[in-house]
Structures are given as C-alpha cells and as structure tokens.
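The values are calculated or read from the model by the stated rules, or taken from the named source; none is laboratory data. Because the structure is a prediction, the values reported are computed rather than measured. So basically every Cβ, Gly included, is an ideal-geometry build from the backbone, and we count neighbours across all protein chains shown. Accessible surface areas use protein heavy atoms only, side chains included; no ligands, DNA or RNA. Shrake-Rupley method; radii C 1.70, N 1.55, O 1.52, S 1.80 Å.
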Amino acid sequence: MDALFLEFFQNTGFYLCDYRNIIMIIVGMIFIYLGIAKDYEPLLLVPIGFGMLVGNIPIFKGLGLGIYENNSVLHYLYFGVTQGIYPPLIFLGIGAMTDFSTLLARPVLMLLGAAAQAGIFITFLGALALGFLPKEAAAIGIIGGADGPTAIFLTAKLAPHLIGPIAVAAYSYMALVPVIQPPIMKLLTTRKERLIHMEEPRQVTKREKMIFPVIVFLLCCFLAPAALPLLGMLCFGNLLKEAVVTERLAVTARTALIDIATILLGITVGASTQGDVFLTHSSVKIFILGALSFGIATASGLLFAKFMNLFLKKKINPLLGAAGVSAVPDSARVVHIVGQREDPTNFLLMHAMAPNVSGVIGSAIAAGVLWSLML
Amino acid sequence: MNGVDAASVLYGLEAINANNGWAISVVGITIVFTGLVALSVLISQIHKLVALYDNPGKIKKLFVSRSESVARAGTPKAHLDLTEAQKQVCRQYNLLAQTMDDVISLPKLLRMAELSGLNDPHANMNLLIKSGILCADEQGYFRWDEDIFIRTIS
Amino acid sequence: MDSSAACLSESIIFNGLDARDIDSLVPLFSRWTVMPGEILAQAGHCAQFFFLVEEGALLVALEAGRAVVLNRPGDFAGLSMVSLKGTNTATITVLEKGVVWVVPCLNILDLIGHDSPVAATIMDGWQQFYAEKAPFCSDPAETGVV
C-alpha cells in the first residue's frame with residue numbers, strides 16, 4: 001500500500017514540480033491580477049494568465065495531457081495557433097467592430113501608422129544582432145507591431161517554437177501600453193506640441209465606408225499577397241459591418257466568433273508557456289527585444305508626426321504618432337489621456353483612431369512582407 | 001537559434017550583414033510605406049468617386065471639349081478667399097442646408113433663408129454658388145460640397 | 001458692353017448668326033440694371049420678356065423645386081425654359097447685381113416662328129444651351145417652345 005501511495009505521489013504535481021513551473025504560475029497569477037484588478041487588457045490577460053496556470057501544472061509525460069503531447073485535447077486546440085487559424089478569425093471580428101471613418105476623413109494620418117512599423121524592422125535587425133536566425137528575428141520584430149494576432153500568425157509561420165514567448169511578450173506589452181507609451185510621448189514632444197488641437201474631421205458617407213475595405217483589400221493584397229489571411233479577414237469583417245444588410249453576420253463576427261477565438265487563443269498560448277520550454281535565454285532576449293520594439297515603434301510614430309508638421313500647413317498633434325502602433329484602441333486611448341492631461345478640452349481620441357487602425361493594416365502588411373521575404 | 005551549432009551563430013553587425021538584414025529592413029519598411037501611402041492617396045479620392053457615382057453627369061463632362069464645358073456655365077469651383085463675415089454666412093447656410101435633404105432645392109433654400117431672417121439671402125446664395133459650396137447636379141438640384149465648405153471657412 | 005450685340009455674340013444661342021442678323025436683333029433688346037432680390041418674372045403670370053445675361057446672376061426657379069442659375073454672359077432666360085403658351089412657368093429672381101438685356105417674348109417668338117435660316121440657327125443654339133443648362137428637362141421641342 002505504501003508503494004501505491006508513493007507511486008501516486010510521484011505522479012502528482014507536487015512531486016514533479018520544477019522551479020520553472022512555479023515561476024510561470026506566479027507570472028500567470030500576475031497576468032490574472034493585472035487583467036482583473038488593473039483592467040489591463042482583461043480579455044487577453046485573463047485567458048493567457050489562466051492558460052499559464054494550465055500549462056504549468058507539472059504532469060506525467062505520456063498521459064496525453066500536455067499541450068505539446070500529440071494526442072492531448074490542448075494540443076488539438078493549440079492547432080489553431082500553430083496553423084494560424086485563430087488570428088484571422090480575430091481579425092474578422094476586429095474588422096466587424098472597427099469604424100474607419102476618421103481614417104477616411106483624414107487619410108494623411110495613415111502615414112503615422114506606417115511610420116510606427118519602423119519598430120518592427122529595427123527590432124528585426126536587433127534580433128539578428130543578438131544571434132537569432134532570420135526567421136526568428138522576423139517573428140520577434142513583429143512584436144513591435146503591437147498586434148497580438150499578427151505576431152502569433154507570423155510566428156506560427158516562421159518560428160513555431162517561439163510562439164509562447166512571442167505571444168506572451170506581445171500581449172504583455174499591449175496590456176502595458178498605458179505604462180510604456182506615456183514616458184516616451186513626453187520625452188519626444190514639447191508641451192506646446194501636446195497642446196495642438198486637431199481640426200474637426202469631415203463627415204464620411206456610408207458609401208465611402210463600404211468601398212473602403214474593398215480598396216484596402218485589393219491594394220494591400222496585390223502589394224503583399226502574404227498579408228491575405230489577415231487583411232482579407234479584416235476587410236471582410238469590415239465590409240460585413242458597413243454593408244448593413246449583413247448586420248447579422250457582422251454581429252456574430254464581432255461578438256461570439258471573436259470571443260471564441262480569443263478564448264481558445266488565450267488559453268492555449270498561455271498553456272504553451274510550460275516552464276521548461278518557456279524559461280530559456282531566448283525568451284529573456286525576446287522580452288527585452290519586444291520592449292525595445294514597442295518603444296521604437298512608439299518613438300518612430302511620434303518623430304514622424306513631428307516630421308510631417310514641417311510640411312503641413314495645419315499642424316497635427318504629434319502625440320497621434322504614438323497611436324500608430326496597432327494596439328487598438330489602447331494606444332489611441334493613451335494618446336487621448338496624455339493630451340487631456342495638458343489640456344482637458346483637447347479631445348484626441350477620435351483623431352488617434354485613424355493612425356491606430358492604419359497601424360493594424362500596416363502591421364498586417366509588414367507581417368506579409370516579412371513572411372514573403374523569409375520564404 | 002534552434003538546431004544551430006552555437007559555435008556557428010553570428011552576432012552583431014556580422015550577423016546582420018550575413019543574413020542580408022539591412023536590405024530586408026529597407027525593402028520591408030519601403031513596401032509598408034509605399035502600400036500605406038498609396039492607400040491614403042486612394043482613399044482620399046473615394047469621396048470623389050462616390051460623388052461621380054451620385055452624379056453620372058460629371059463623368060460625361062470629363063469627355064466634352066473644353067469650349068463646351070466653358071460654355072456650359074456650370075457653377076464655378078474656384079476657391080474664393082472670404083471675409084470673416086462671409087464665412088459666418090456660409091456657416092449659417094450650412095445649418096439651413098443640414099435641415100434639407102442631400103439634394104437641395106435652391107428656391108426652397110432661398111425661401112428658408114428669407115424666413116429665417118438672414119440678411120441678403122440672394123447675394124449670399126450667389127456667394128455660395130460662386131465659391132462652389134453649392135454646386136448644381138444634373139437634375140436641377142444642388143448639393144452642399146462639404147469639402148469646399150470646410151476649405152473655404154478654414 | 002455698350003450694345004446688346006456683343007452680348008448676343010457671346011451667347012451660344014445667337015453666336016451662330018452672322019453680324020448682319022445680330023445687328024438686326026439689337027434694337028429688340030433694352031438694357032436693364034438689376035439688383036439682388038429683384039423678381040424679373042413670376043411663374044403663372046403672363047409672359048412678357050426674356051432676359052439675356054450680360055453681368056450678374058439670375059435664379060430661374062422651375063417646377064418641383066428645380067432651379068437653374070444663369071451667371072455667364074450670354075446666358076438666356078427665355079423660351080421653353082421660362083414660359084409655355086404665353087405664361088411664365090418659372091420665376092426669375094436676381095441673385096447678383098448686374099446687367100441684363102431684355103427682349104419682349106413676342107419679338108423672339110415671331111422671329112423663330114418663321115421658317116428661316118435665322119430661326120433655325122437660333123433654335124439650334126437654344127437646344128444646345130438648354131440641353132447643357134437644364135438637361136433634366138425633356139426635349140425642348142416637346143415642352144412647347146412657343
């Protein structure tokens with residue numbers, strides 16, 4: 001009987017536990033805490049955080065429980081991540097909930113979304129310099145796009161073994177937008193610049209909004225066909241929203257479908273962070289590069305906005321450049337809050353949504369470009 | 001770094017050069033920029049395409065000879081520099097126009113301006129037409145051109 | 001312009017006529033200076049005059065809220081655009097101070113009522129002008145020029 005108890009004990013998590021599992025469980029609990037108590041991207045951090053708990057329960061290998069075991073349930077769910085299925089579904093939902101009016105009203109702000117993508121390519125160089133292979137470096141660089149689904153999609157295609165750290169880094173930094181961006185914004189702009197009021201955007205007609213996703217899709221996918229899965233779904237979702245007659249489909253895409261995809265993606269990405277697989281030197285480097293990438297993307301947007309002001313008759317508030325990273329709508333919200341701290345009558349949210357959504361398009365194009373360049 | 005012999009891993013500029021990093025980055029950011037610049041140019045024209053769709057007559061106009069179009073006596077679109085008082089008038093008429101349909105009946109707008117007690121409604125309506133804010137469609141009605149309005153009053 | 005001749009020569013309706021024919025029309029026209037808000041013709045009233053714009057702008061208010069703005073030298077507020085069988089079908093209001101050349105309806109109707117090269121030229125010009133200015137109206141011939 002003692003032997004039975006001993007055998008059972010040896011199969012429990014207490015016996016199999018590794019210090020790395022404990023670290024990841026603590027990280028998972030911090031994620032859950034940040035999501036619930038601090039309201040930092042709760043829809044992402046809570047599933048990922050709980051996924052970390054799930055993935056770091058020490059298990060007896062061979063029982064078909066772990067996410068990396070071929071016959072486990074989690075492995076099947078993880079299939080949607082490794083094969084890049086969930087990100088396009090999430091993009092479908094994002095498209096169905098995004099209003100591109102401000103972008104249509106002031107297309108010039110789209111350039112800010114392009115400028116912020118410089119962070120991706122600078123981080124790519126940084127990752128190469130730190131010894132990563134080109135495909136890994138490309139996957140790490142995309143963290144600077146501040147777009148979780150895009151980062152996961154590209155990593156699944158180029159460096160599937162890095163999905164865990166890259167996804168966690170991407171979502172962590174997205175959640176930390178309110179912490180990371182404001183100091184950079186203040187550092188790179190003067191008070192006078194932050195006080196700039198934006199002029200009222202023009203009214204955009206429904207027909208323009210309907211034509212927009214079709215044009216975006218055709219132009220961008222002809223230019224970078226590898227962006228097809230992400231941009232295709234984004235534009236399709238947006239067309240469903242704007243077409244009115246397909247409202248029922250749009251409602252499903254922006255509610256049930258995106259929620260299901262987010263739950264499955266969050267929990268499986270979290271579960272993929274098993275301590276023994278996740279806590280490596282590479283992961284530490286990825287986290288450092290991710291932070292760098294995010295910072296560079298924010299700075300690129302801000303500096304480009306200031307550059308544009310050299311030529312624009314009607315100056316734009318350079319804070320909008322920080323919204324070029326595609327963490328929708330968090331970075332736009334941060335821009336608004338920072339602007340309002342200087343002048344409570346300055347409402348930048350609506351204007352910041354333009355570079356913000358163009359950042360989504362820009363990072364999807366960047367992902368497509370990197371993918372095709374790495375083939 | 002997986003599966004790569006640690007001794008063969010390159011670092012720093014050497015790694016970037018060996019993996020063609022500079023070229024990939026430059027090409028990458030160039031494509032992203034080109035794509036978004038082209039997109040912004042294209043979407044800045046969408047409202048004009050929509051206006052053409054709403055006004056098929058305008059397409060026809062593109063193909064008629066210049067002399068004909070001069071003789072056509074349409075509403076001039078030249079950008080006028082207005083005084084502050086004139087800009088205020090434009091804003092007042094904008095409010096009136098907002099109460100009307102997309103297509104505006106000029107006599108009705110004139111009547112509403114008179115009823116609202118606006119000064120010099122005839123001359124001011126002429127100002128709106130001259131500035132291109134009110135432009136004729138092919139059906140005998142007029143449209144409020146929001147772009148010109150914003151450009152004119154700004 | 002000191003006489004209506006120059007204005008007639010600028011008009012798409014009359015510029016097909018040769019100088020001698022234009023000179024013969026000049027005595028029919030008299031010069032009016034018009035002010036904004038002035039009503040030159042009222043719909044439903046007996047048609048008396050047609051108006052050739054030299055300067056300024058006229059608003060021709062048609063049926064169903066439609067309107068045409070005549071603001072170029074040579075624009076002509078006349079014939080089927082403004083009248084039918086001796087009655088005004090449109091109200092003509094002055095939008096901008098200017099000068100118009102006024103011609104009695106009957107003189108013009110007499111002129112084009114005869115089967116002559118002058119009448120044919122004027123009607124050709126008129127149809128062209130009318131199609132450009134008021135393309136929403138049906139064929140001028142059907143609206144009853146006279």
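A few notes on this one:
- Of the trypsin sites (Lys or Arg not before Pro) in region A:6-85, those whose Cβ has at most 15 other Cβ within 10 Å and which sit in DSSP loop: A:38, A:61
- Computed on the Cα trace of region A:1-71, the radius of gyration divided by the Kirkwood hydrodynamic radius gives Rg/Rh = 1.12.
- Rounded if a/c under 1.5, otherwise prolate or oblate - region A:181-230, Cα gyration tensor axes: oblate
- Cross-link pairs exceeding 18 Å between alpha carbons, from the set A:135/A:285; B:108/C:133; A:192/A:313; A:206/B:108: B:108/C:133; A:206/B:108.
- Calculated P(r) tail over 34 Å for the protein assembly as shown, as whole % of Cα pairs: 57 percent
- 14 Å beta-carbon shell around residue A:286, net charge (K/R +1, D/E -1): +1
- Cα convex hull of region A:226-375 - mean projected area over all directions, nm²: 12.7 nm²
- Relative contact order [Cα under 8 Å, 6+ residues apart], chain A, whole percent: 29 percent
- Pairwise alpha-carbon distances in chain A exceed 26 Å for 51% of all pairs.
- Counting Lys and Arg as +1 and Asp and Glu as -1 over every other residue whose Cβ lies under 15 Å from the Cβ of residue A:246, the net charge comes to +3.
- Helical content alone sets the calculated 222 nm signal of chain C at -8000 deg cm²/dmol, taking -39,500 (n - 2.57) per DSSP H segment of four or more residues and averaging over every residue.
- Number of partner chain Cβ atoms within 10 Å, mean per residue of A:201-213: 4
- Longest stretch of chain A clear of exposed loop sites (chymotrypsin sites (Phe, Trp or Tyr not before Pro), DSSP loop, at most 16 other Cβ atoms within 10 Å, sites excluded): A:69-310.
- Counts of other chain beta carbons within 10 angstrom of each beta carbon in peptide A:117-125 average 5.
- Projected area, mean over directions - chain C, Cα convex hull, nm²: 7.6 nm²
- Folded to 0 to 90 degrees: helix A:86-97 orientation relative to chain A principal axis, Cα: 30 degrees
- Every helix of 4 or more DSSP H residues in chain A counts as -39500 (n - 2.57), and over all residues that averages to -22000 deg cm²/dmol at 222 nm.
- Distance between the C-alpha centres of region A:248-295 and region A:305-327: 30 Å, rounded to the whole angstrom.
- About the centre of its Cα atoms, region A:111-267 shows a dipole size close to 220 debye [charges on the beta carbon of Lys, Arg (+1) and Asp, Glu (-1) only; nearest 20 debye].
- C-alpha center-to-center spacing [region A:186-227, region A:73-121] in angstrom: 14 Å
- Ranking by accessible area, most exposed first, for A:351, A:161, A:75 with a 1.4 Å probe: A:161, A:75, A:351
- Each other residue within a Cβ distance under 13 Å of residue A:124 adds +1 if Lys or Arg and -1 if Asp or Glu, for a net charge of 0.
- The contact between chain C and chain B removes approximately 1800 Å² from the accessible area (both sides summed; 1.4 Å probe; ligands, DNA and RNA excluded).
- Under 19 Å from the Cα of residue A:38 - aspartates and glutamates, other chains or at least 8 residues apart: A:330
- Region A:1-64 and region B:101-134 have Cα centres spaced 72 Å apart.
- Rounded if a/c under 1.5, otherwise prolate or oblate - region B:77-153, Cα gyration tensor axes: oblate
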